[in-house]
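The values are calculated or read from the model by the stated rules, or taken from the named source; none is laboratory data. From a predicted model like this one, the values you see are computed outputs, not experimental measurements. Here the Cβ is made from the backbone with ideal geometry for all residues, glycine too, and neighbour counts use every protein chain on show.
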Amino acid sequence: MTSAARLRRRLVELLLDEDVLHAPEWIAAFRAVPRHVFLPRFFTAAGGLWAAVERGDPGWLEAVYSRDVLVTQLDDDPGRWELARTSGPVTGTPTSSSSMPAIMAIMLEELRVRDGHRVLEIGTGTGYNAALLSHRCGAGQVSTVDIDPGLVAGARERLAEAGYRPACAVGDGALGFPAGTVFDRVLCTASVTSIPPAWLEQTVPGGLIVTTLNRPIGAGLVRLVVGEDGAAQGPVLARDGRFMPLRAHRLPDTEPLPMPSREDWEQTRLPMSTLLQPRRQFEFFAGLSLPGVRAVREHDGVDPGAGGPGEAGVALVHPDGSWVRHRKRAGAHEVAQGGPRALWEVAEAAYVEWCELDKPERDRFGVTVAGERQEFWLDAPDGRTWPLA
(Lines give C-alpha, C1' and ligand atoms only; values in the text may rest on other atoms or scores of the structure.)
Protein backbone atom coordinates (compact mmCIF):
# COMPACT_ATOMS: atom_id res chain seq x y z
CA MET A 1 0.00 0.00 0.00
CA THR A 2 1.37 3.44 -0.94
CA SER A 3 1.91 6.25 1.53
CA ALA A 4 -1.01 8.16 -0.02
CA ALA A 5 -3.32 5.17 0.36
CA ARG A 6 -2.33 4.72 4.01
CA LEU A 7 -2.90 8.39 4.74
CA ARG A 8 -6.23 8.26 2.94
CA ARG A 9 -7.39 5.36 5.08
CA ARG A 10 -6.22 7.21 8.19
CA LEU A 11 -8.25 10.26 7.12
CA VAL A 12 -11.34 8.08 6.78
CA GLU A 13 -10.76 6.71 10.27
CA LEU A 14 -10.52 10.26 11.60
CA LEU A 15 -13.81 11.18 9.90
CA LEU A 16 -15.43 8.09 11.39
CA ASP A 17 -14.13 9.03 14.82
CA GLU A 18 -15.54 12.55 14.38
CA ASP A 19 -18.93 10.97 13.62
CA VAL A 20 -19.27 12.90 10.35
CA LEU A 21 -19.00 9.94 7.98
CA HIS A 22 -21.45 7.03 8.10
CA ALA A 23 -22.80 5.88 4.72
CA PRO A 24 -20.82 3.00 3.14
CA GLU A 25 -20.97 4.69 -0.28
CA TRP A 26 -19.28 7.84 1.01
CA ILE A 27 -16.77 5.90 3.08
CA ALA A 28 -15.79 4.10 -0.12
CA ALA A 29 -15.52 7.41 -1.99
CA PHE A 30 -13.21 9.01 0.59
CA ARG A 31 -11.06 5.87 0.61
CA ALA A 32 -10.80 5.76 -3.18
CA VAL A 33 -10.46 9.37 -4.38
CA PRO A 34 -6.83 10.58 -4.26
CA ARG A 35 -7.03 14.03 -2.69
CA HIS A 36 -3.35 14.64 -3.39
CA VAL A 37 -4.07 14.72 -7.13
CA PHE A 38 -6.26 17.78 -6.55
CA LEU A 39 -3.83 19.61 -4.27
CA PRO A 40 -0.46 19.74 -6.02
CA ARG A 41 0.10 23.10 -4.34
CA PHE A 42 -1.51 25.30 -1.71
CA PHE A 43 -0.82 27.95 0.93
CA THR A 44 -0.13 27.47 4.62
CA ALA A 45 -0.33 30.13 7.31
CA ALA A 46 3.06 31.58 8.24
CA GLY A 47 3.08 34.21 10.96
CA GLY A 48 0.19 36.25 9.57
CA LEU A 49 1.31 35.66 5.98
CA TRP A 50 0.86 32.82 3.48
CA ALA A 51 3.67 30.47 2.45
CA ALA A 52 3.56 28.44 -0.77
CA VAL A 53 3.74 24.63 -0.55
CA GLU A 54 3.91 22.24 -3.49
CA ARG A 55 4.15 18.55 -4.25
CA GLY A 56 7.35 17.05 -2.89
CA ASP A 57 7.90 19.58 -0.13
CA PRO A 58 8.40 18.12 3.37
CA GLY A 59 5.01 17.51 4.94
CA TRP A 60 3.08 18.14 1.71
CA LEU A 61 1.36 14.74 1.55
CA GLU A 62 0.60 14.69 5.27
CA ALA A 63 -1.02 18.14 4.98
CA VAL A 64 -3.12 16.99 2.02
CA TYR A 65 -4.61 14.16 4.09
CA SER A 66 -5.03 16.20 7.26
CA ARG A 67 -8.38 17.42 8.57
CA ASP A 68 -7.50 21.02 7.72
CA VAL A 69 -8.88 23.40 5.12
CA LEU A 70 -6.18 24.13 2.55
CA VAL A 71 -6.13 27.55 0.89
CA THR A 72 -5.44 27.33 -2.85
CA GLN A 73 -5.90 30.93 -4.03
CA LEU A 74 -5.43 34.44 -2.64
CA ASP A 75 -7.16 37.61 -3.85
CA ASP A 76 -8.62 35.82 -6.91
CA ASP A 77 -5.07 35.97 -8.29
CA PRO A 78 -3.24 32.77 -9.31
CA GLY A 79 -0.01 34.76 -9.48
CA ARG A 80 0.10 35.12 -5.70
CA TRP A 81 1.24 31.53 -5.30
CA GLU A 82 4.15 32.01 -7.72
CA LEU A 83 5.13 35.20 -5.90
CA ALA A 84 5.07 33.42 -2.54
CA ARG A 85 7.11 30.58 -3.99
CA THR A 86 9.83 32.83 -5.36
CA SER A 87 9.87 35.71 -2.86
CA GLY A 88 8.62 34.20 0.39
CA PRO A 89 5.34 34.40 2.30
CA VAL A 90 2.82 36.99 1.08
CA THR A 91 -0.24 38.80 2.36
CA GLY A 92 -3.66 38.08 0.90
CA THR A 93 -7.26 37.10 1.46
CA PRO A 94 -8.22 33.46 0.71
CA THR A 95 -10.59 33.25 -2.26
CA SER A 96 -10.52 29.51 -2.99
CA SER A 97 -9.73 26.45 -0.92
CA SER A 98 -10.14 22.74 -0.46
CA SER A 99 -12.60 22.55 2.43
CA MET A 100 -12.14 20.61 5.63
CA PRO A 101 -12.90 16.96 4.84
CA ALA A 102 -15.25 16.84 7.83
CA ILE A 103 -17.59 19.53 6.48
CA MET A 104 -17.39 17.94 3.03
CA ALA A 105 -18.50 14.63 4.51
CA ILE A 106 -21.34 16.30 6.41
CA MET A 107 -22.66 18.09 3.33
CA LEU A 108 -22.36 15.05 1.07
CA GLU A 109 -24.33 12.90 3.48
CA GLU A 110 -26.94 15.63 4.00
CA LEU A 111 -27.44 15.63 0.23
CA ARG A 112 -29.09 12.20 0.58
CA VAL A 113 -28.02 11.06 -2.87
CA ARG A 114 -29.57 7.92 -4.31
CA ASP A 115 -28.50 5.79 -7.26
CA GLY A 116 -29.40 7.45 -10.56
CA HIS A 117 -29.57 10.99 -9.17
CA ARG A 118 -28.25 13.88 -11.23
CA VAL A 119 -26.21 16.24 -9.06
CA LEU A 120 -25.11 19.83 -9.63
CA GLU A 121 -22.17 21.18 -7.66
CA ILE A 122 -21.82 24.96 -7.38
CA GLY A 123 -18.17 25.88 -6.82
CA THR A 124 -15.77 23.50 -8.57
CA GLY A 125 -12.65 24.71 -6.77
CA THR A 126 -9.94 22.06 -6.88
CA GLY A 127 -12.30 19.39 -8.25
CA TYR A 128 -11.90 17.08 -5.24
CA ASN A 129 -15.53 17.32 -4.16
CA ALA A 130 -16.70 16.73 -7.75
CA ALA A 131 -14.54 13.60 -7.78
CA LEU A 132 -16.17 12.32 -4.59
CA LEU A 133 -19.60 12.95 -6.13
CA SER A 134 -18.57 11.25 -9.36
CA HIS A 135 -17.31 8.19 -7.51
CA ARG A 136 -20.62 7.89 -5.66
CA CYS A 137 -23.03 8.82 -8.48
CA GLY A 138 -21.32 7.35 -11.52
CA ALA A 139 -20.35 8.56 -14.97
CA GLY A 140 -22.49 11.27 -16.49
CA GLN A 141 -24.46 12.05 -13.33
CA VAL A 142 -22.44 15.00 -12.00
CA SER A 143 -22.12 18.58 -13.28
CA THR A 144 -19.99 21.27 -11.69
CA VAL A 145 -19.65 25.00 -12.33
CA ASP A 146 -17.28 27.73 -11.17
CA ILE A 147 -16.90 31.37 -12.16
CA ASP A 148 -13.10 31.16 -12.37
CA PRO A 149 -11.92 29.79 -15.76
CA GLY A 150 -8.49 28.94 -14.39
CA LEU A 151 -9.92 26.90 -11.55
CA VAL A 152 -12.24 25.02 -13.89
CA ALA A 153 -9.45 24.23 -16.35
CA GLY A 154 -7.19 22.93 -13.59
CA ALA A 155 -9.97 20.92 -11.98
CA ARG A 156 -10.94 19.34 -15.30
CA GLU A 157 -7.36 18.15 -15.84
CA ARG A 158 -7.03 16.75 -12.32
CA LEU A 159 -10.42 15.03 -12.52
CA ALA A 160 -9.39 13.31 -15.74
CA GLU A 161 -6.08 12.29 -14.17
CA ALA A 162 -8.00 10.66 -11.32
CA GLY A 163 -10.36 8.92 -13.76
CA TYR A 164 -13.47 11.12 -13.40
CA ARG A 165 -15.18 13.16 -16.10
CA PRO A 166 -18.08 15.20 -14.74
CA ALA A 167 -19.50 17.98 -16.90
CA CYS A 168 -17.43 21.07 -16.04
CA ALA A 169 -18.55 24.58 -16.96
CA VAL A 170 -17.42 28.16 -16.42
CA GLY A 171 -20.18 30.43 -15.19
CA ASP A 172 -21.79 32.28 -12.33
CA GLY A 173 -22.90 29.60 -9.89
CA ALA A 174 -25.86 31.74 -8.83
CA LEU A 175 -27.29 31.10 -12.32
CA GLY A 176 -26.99 27.34 -12.02
CA PHE A 177 -25.57 25.20 -14.80
CA PRO A 178 -25.30 26.91 -18.20
CA ALA A 179 -26.88 24.03 -20.13
CA GLY A 180 -30.13 24.43 -18.20
CA THR A 181 -30.32 20.78 -17.14
CA VAL A 182 -32.56 19.88 -14.21
CA PHE A 183 -31.09 18.04 -11.24
CA ASP A 184 -32.20 15.86 -8.37
CA ARG A 185 -29.68 17.42 -6.03
CA VAL A 186 -27.90 20.80 -5.90
CA LEU A 187 -24.88 21.22 -3.62
CA CYS A 188 -23.19 24.59 -3.16
CA THR A 189 -19.68 24.48 -1.73
CA ALA A 190 -19.64 28.25 -1.37
CA SER A 191 -21.96 30.37 0.77
CA VAL A 192 -24.82 32.59 -0.38
CA THR A 193 -26.64 35.53 1.18
CA SER A 194 -29.95 34.38 -0.31
CA ILE A 195 -31.05 31.34 -2.32
CA PRO A 196 -30.67 32.03 -6.06
CA PRO A 197 -33.95 31.47 -7.98
CA ALA A 198 -32.09 29.54 -10.71
CA TRP A 199 -31.30 26.77 -8.25
CA LEU A 200 -34.98 26.18 -7.58
CA GLU A 201 -35.75 26.29 -11.30
CA GLN A 202 -33.08 23.66 -12.02
CA THR A 203 -34.14 21.29 -9.24
CA VAL A 204 -36.87 18.71 -9.86
CA PRO A 205 -39.90 18.75 -7.53
CA GLY A 206 -38.94 16.80 -4.43
CA GLY A 207 -35.26 17.47 -5.10
CA LEU A 208 -32.88 18.81 -2.46
CA ILE A 209 -30.66 21.87 -2.25
CA VAL A 210 -27.86 21.88 0.34
CA THR A 211 -25.88 25.06 0.87
CA THR A 212 -24.26 27.26 3.47
CA LEU A 213 -25.46 30.77 4.22
CA ASN A 214 -23.20 33.78 4.00
CA ARG A 215 -24.24 35.48 7.22
CA PRO A 216 -21.81 37.69 9.16
CA ILE A 217 -23.05 36.12 12.41
CA GLY A 218 -24.89 32.81 12.69
CA ALA A 219 -24.07 31.23 9.35
CA GLY A 220 -24.56 27.54 8.74
CA LEU A 221 -25.99 24.74 6.64
CA VAL A 222 -29.52 24.45 5.29
CA ARG A 223 -31.25 21.68 3.35
CA LEU A 224 -34.25 22.69 1.25
CA VAL A 225 -36.87 20.53 -0.45
CA VAL A 226 -38.21 22.01 -3.70
CA GLY A 227 -41.98 21.75 -4.06
CA GLU A 228 -44.27 21.33 -7.06
CA ASP A 229 -44.96 25.07 -6.98
CA GLY A 230 -41.25 25.92 -7.29
CA ALA A 231 -40.98 27.14 -3.70
CA ALA A 232 -38.64 25.45 -1.21
CA GLN A 233 -38.58 24.80 2.49
CA GLY A 234 -36.37 22.97 4.93
CA PRO A 235 -34.40 22.94 8.16
CA VAL A 236 -31.31 24.71 9.34
CA LEU A 237 -29.06 21.75 10.06
CA ALA A 238 -27.70 21.03 13.51
CA ARG A 239 -24.20 20.50 12.17
CA ASP A 240 -22.47 23.70 11.29
CA GLY A 241 -20.44 24.63 8.23
CA ARG A 242 -18.75 27.80 6.98
CA PHE A 243 -17.60 28.43 3.40
CA MET A 244 -16.20 31.29 1.36
CA PRO A 245 -19.02 33.20 -0.36
CA LEU A 246 -19.79 33.27 -4.05
CA ARG A 247 -18.03 36.32 -5.51
CA ALA A 248 -21.28 38.25 -5.97
CA HIS A 249 -22.19 37.54 -2.34
CA ARG A 250 -19.02 38.86 -0.72
CA LEU A 251 -19.33 41.58 1.89
CA PRO A 252 -17.62 44.96 1.41
CA ASP A 253 -14.65 46.01 3.51
CA THR A 254 -15.37 47.90 6.71
CA GLU A 255 -14.19 51.39 7.62
CA PRO A 256 -11.78 52.01 10.52
CA LEU A 257 -13.50 52.50 13.86
CA PRO A 258 -13.05 55.45 16.21
CA MET A 259 -10.98 55.13 19.36
CA PRO A 260 -13.24 55.35 22.43
CA SER A 261 -12.28 57.48 25.39
CA ARG A 262 -11.99 56.08 28.92
CA GLU A 263 -15.51 57.30 29.73
CA ASP A 264 -17.03 55.37 26.82
CA TRP A 265 -16.22 51.92 28.24
CA GLU A 266 -18.85 50.11 30.29
CA GLN A 267 -18.84 46.66 31.84
CA THR A 268 -21.14 43.98 30.46
CA ARG A 269 -22.07 40.51 31.66
CA LEU A 270 -22.41 39.27 28.08
CA PRO A 271 -19.04 38.15 26.62
CA MET A 272 -18.53 38.92 22.94
CA SER A 273 -17.59 35.27 22.41
CA THR A 274 -21.16 34.24 23.34
CA LEU A 275 -22.38 36.14 20.27
CA LEU A 276 -19.69 35.08 17.84
CA GLN A 277 -18.44 31.57 18.54
CA PRO A 278 -20.34 28.96 16.49
CA ARG A 279 -20.13 26.42 19.30
CA ARG A 280 -22.13 28.78 21.53
CA GLN A 281 -25.85 28.08 21.20
CA PHE A 282 -26.75 31.78 21.15
CA GLU A 283 -24.72 32.61 18.03
CA PHE A 284 -27.41 31.70 15.48
CA PHE A 285 -30.14 33.69 17.25
CA ALA A 286 -27.73 36.62 17.67
CA GLY A 287 -27.33 36.74 13.89
CA LEU A 288 -31.10 36.93 13.44
CA SER A 289 -31.39 39.76 15.96
CA LEU A 290 -28.46 41.74 14.54
CA PRO A 291 -29.03 41.60 10.75
CA GLY A 292 -26.24 43.17 8.75
CA VAL A 293 -23.92 43.38 11.77
CA ARG A 294 -20.41 42.04 11.21
CA ALA A 295 -17.57 41.12 13.51
CA VAL A 296 -14.10 42.49 12.77
CA ARG A 297 -10.90 41.69 14.62
CA GLU A 298 -8.75 44.62 15.60
CA HIS A 299 -6.13 45.86 18.04
CA ASP A 300 -6.73 48.83 20.29
CA GLY A 301 -3.17 50.05 19.87
CA VAL A 302 -2.65 52.62 22.61
CA ASP A 303 -5.76 53.20 24.68
CA PRO A 304 -5.75 56.93 25.53
CA GLY A 305 -8.09 56.35 28.47
CA ALA A 306 -5.96 53.68 30.10
CA GLY A 307 -2.68 55.30 29.12
CA GLY A 308 -1.10 52.01 28.11
CA PRO A 309 -1.17 49.23 25.56
CA GLY A 310 -4.61 47.98 24.61
CA GLU A 311 -5.66 44.38 24.26
CA ALA A 312 -6.56 42.53 21.09
CA GLY A 313 -10.32 42.81 20.66
CA VAL A 314 -13.33 42.19 18.48
CA ALA A 315 -15.68 44.87 17.20
CA LEU A 316 -19.20 44.77 15.75
CA VAL A 317 -20.03 47.09 12.87
CA HIS A 318 -23.10 47.86 10.78
CA PRO A 319 -23.33 49.68 7.43
CA ASP A 320 -25.38 52.45 9.07
CA GLY A 321 -22.28 53.48 11.06
CA SER A 322 -23.20 51.83 14.35
CA TRP A 323 -20.36 50.02 16.10
CA VAL A 324 -19.33 48.23 19.29
CA ARG A 325 -15.79 47.68 20.49
CA HIS A 326 -15.02 45.03 23.09
CA ARG A 327 -12.12 44.32 25.40
CA LYS A 328 -11.37 42.41 28.56
CA ARG A 329 -9.68 44.25 31.39
CA ALA A 330 -8.87 42.90 34.85
CA GLY A 331 -11.07 39.87 34.21
CA ALA A 332 -14.13 41.96 33.27
CA HIS A 333 -15.75 42.33 29.86
CA GLU A 334 -16.14 45.91 28.65
CA VAL A 335 -17.78 47.48 25.61
CA ALA A 336 -17.87 50.92 24.03
CA GLN A 337 -20.39 51.77 21.32
CA GLY A 338 -21.30 54.58 18.97
CA GLY A 339 -23.20 55.51 15.86
CA PRO A 340 -26.94 55.93 15.30
CA ARG A 341 -27.92 52.74 17.17
CA ALA A 342 -26.80 51.21 20.46
CA LEU A 343 -25.96 47.78 19.03
CA TRP A 344 -24.84 46.27 22.32
CA GLU A 345 -28.18 47.07 23.90
CA VAL A 346 -29.82 45.21 21.00
CA ALA A 347 -27.49 42.25 21.60
CA GLU A 348 -28.23 42.15 25.33
CA ALA A 349 -32.00 42.32 24.70
CA ALA A 350 -31.67 39.52 22.15
CA TYR A 351 -29.93 37.33 24.71
CA VAL A 352 -32.79 37.88 27.17
CA GLU A 353 -35.33 37.01 24.47
CA TRP A 354 -33.38 33.88 23.52
CA CYS A 355 -33.45 32.71 27.12
CA GLU A 356 -37.21 33.38 27.30
CA LEU A 357 -37.68 31.23 24.18
CA ASP A 358 -35.97 28.31 25.99
CA LYS A 359 -32.61 28.89 24.29
CA PRO A 360 -33.40 27.47 20.82
CA GLU A 361 -30.46 25.94 19.00
CA ARG A 362 -30.03 26.16 15.24
CA ASP A 363 -31.89 22.92 14.49
CA ARG A 364 -35.14 24.48 15.77
CA PHE A 365 -35.02 26.93 12.87
CA GLY A 366 -35.98 26.49 9.24
CA VAL A 367 -36.03 28.39 5.94
CA THR A 368 -38.80 29.12 3.44
CA VAL A 369 -38.08 30.38 -0.09
CA ALA A 370 -41.16 31.42 -2.05
CA GLY A 371 -40.60 33.91 -4.84
CA GLU A 372 -39.06 37.06 -3.41
CA ARG A 373 -39.96 35.96 0.13
CA GLN A 374 -37.03 34.26 1.84
CA GLU A 375 -37.22 33.93 5.60
CA PHE A 376 -36.14 32.01 8.67
CA TRP A 377 -38.72 30.62 11.06
CA LEU A 378 -38.65 29.17 14.56
CA ASP A 379 -40.20 25.73 15.14
CA ALA A 380 -42.78 26.02 12.29
CA PRO A 381 -43.18 28.01 9.05
CA ASP A 382 -46.13 29.89 10.53
CA GLY A 383 -44.23 30.78 13.69
CA ARG A 384 -41.86 33.65 14.44
CA THR A 385 -40.01 34.72 11.27
CA TRP A 386 -36.97 36.79 10.28
CA PRO A 387 -35.83 37.89 6.77
CA LEU A 388 -33.14 35.65 5.31
CA ALA A 389 -31.13 38.53 3.82
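Does Glu353 count as at negative phi, at pLDDT 95 or above and not in a loop (DSSP other than H, G, I, E, B)? Spelling it out, Glu353 is indeed at negative phi, at pLDDT 95 or above and not in a loop (DSSP other than H, G, I, E, B). In this entry, Leu343 passes the filter for residues that are touching a residue at least 12 places away in the same chain (Cβ under 8 Å), of a type in the set (A, V, I, L, M, F, W, C) and in contact with a His (Cβ under 7 Å, 6 or more places away or on another chain). Consider Arg136 carefully, then state whether it is touching a Cys at 6+ places or on another chain (Cβ under 6 Å) and assigned to a helix (DSSP H, G or I). In short, no. Are any residues in segment 30-67 in a loop (DSSP other than H, G, I, E, B) and surrounded by fewer than 16 Cβ atoms within 10 Å (Cβ to Cβ), and if so, which ones? Within segment 30-67, Gly47, Gly48, Arg55, Gly56, Asp57, Pro58, Gly59, Arg67 meet the criteria.
With respect to the stated conditions, Leu208 is buried (at least 23 other Cβ atoms within 10 Å of the Cβ) and either among the hydroxyl-bearing types (Ser, Thr, Tyr) or within 23 Å of the chain's Cα centre (by Cα) (or both).
Hey, among the residues in segment 344-388 that are in contact with a Phe, Trp or Tyr (Cβ under 7 Å, 6 or more places away or on another chain) and among the aliphatic types (A, V, I, L, M), which one's nearest to Pro260 (Cα to Cα)? The residue in question is Ala350. Checking each residue in segment 89-128 for being farther than 20 Å from Arg35 by Cα, assigned to a loop (DSSP other than H, G, I, E, B) and not basic (Lys, Arg) picks out Pro89, Thr91, Gly92, Thr93, Leu111, Val113, Asp115, Gly116, His117.
In segment 365-387, the residues that are at positive phi reach residues that are among the basic types (Lys, Arg) with C-beta atoms within less than 8 angstrom, at least six apart or across chains, in these pairs: Asp379/Arg364. Scanning segment 232-276 for residues that are farther than 22 Å from Asp148 by Cα and among the basic types (Lys, Arg), which turns out modelled with the highest pLDDT? Looking at residues that are farther than 22 Å from Asp148 by Cα and among the basic types (Lys, Arg), I get Arg269. For Pro101, indicate whether it is surrounded by fewer than 15 Cβ atoms within 10 Å (Cβ to Cβ) and under 30 Å from Asp184 (Cα atoms). Taking the combined requirement at face value, the residue does not satisfy it.
Taken over segment 136-163, the criterion of being in contact with a Phe, Trp or Tyr (Cβ under 7 Å, 6 or more places away or on another chain) and under 19 Å from Ile27 (Cα atoms) is satisfied by Arg136 alone.
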